[in-house]
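Report on the structure given below.
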Amino acid sequence: MTDNLDNCPNTVANATIDANGCEVSGGGSYSAVIEAENFDSASEYIVTGTMNGPVVGANYLNNGTWLTYDPVTIPSSGVYNVSFRVSGYSDNAIRLQDGAGNDLGTVSFTNSQDWASWITVTTSMTLTAGSLPLKMIIDGFGPLSVDSITIEAQ
């Protein structure tokens, strides 16, 4: 049977689809790690280096602070796990945007209560295939340190 009712003809039966009828998948075994200290631009001066240990990160990030990063290449449109490795004393939230300023998702969390204790917080985000410039925005009580951002296929 020919599928001509949507933008992605011949989508396989029982596939998970988006609003256009196109198959959504996480892209297999894809994984990208972005070191937080390797930002392109920022809203203010960012302290980089170690915080009571060997981990190098972007430190003392407060509410409203943003950092931009080189684009990552997303292999296929779908839902991905996005993780942030963080430390600090306050409850916080981190929002991720694409290069056009569209919100991709937010993760809220209770921090580790110690600069030397790192935790990983993860949320799911729907990402579109192709080159994806990223902007990380702190939406919390701050300050916090971020070691890395990891994007992985589900």
Considering every residue within segment 133-146, establish whether at least one is at pLDDT 95 or above and surrounded by fewer than 15 Cβ atoms within 10 Å (Cβ to Cβ).
yes
Conditions (1) closer than 20 Å to ASP103 by Cβ; (2) modelled with pLDDT under 90; number of the one not met by SER77
(2)
So which of VAL33, VAL121 ends up being crowded, with 16+ Cβ neighbours inside 10 Å and within 14 Å of the chain's Cα centre (by Cα)?
VAL121
Qualifying residue in segment 87-95 (condition: under 18 Å from ALA36 (Cβ atoms), in contact with a Ser or Thr (Cβ under 7 Å, 6 or more places away or on another chain) and hydroxyl-bearing (Ser, Thr, Tyr))
yes
Looking only at segment 41-52, which residues are surrounded by fewer than 13 Cβ atoms within 10 Å (Cβ to Cβ), among the hydroxyl-bearing types (Ser, Thr, Tyr) and either in contact (Cβ under 8 Å) with a residue 24 or more places away in the chain or on the phi > 0 side of the Ramachandran plot (or both)?
SER41
Spans of strands (runs of 3 or more DSSP E) in segment 53-154 with at least 1 residues touching a residue at least 60 places away in the same chain (Cβ under 8 Å):
56-61, 66-74, 78-88, 114-127, 130-138, 144-153
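The values are calculated or read from the model by the stated rules, or taken from the named source; none is laboratory data. Quick caveat, the model's predicted, so the values are computed rather than measured. No Cβ is skipped: glycine too gets one built from the backbone with ideal geometry, and neighbour counts run over all protein chains shown.
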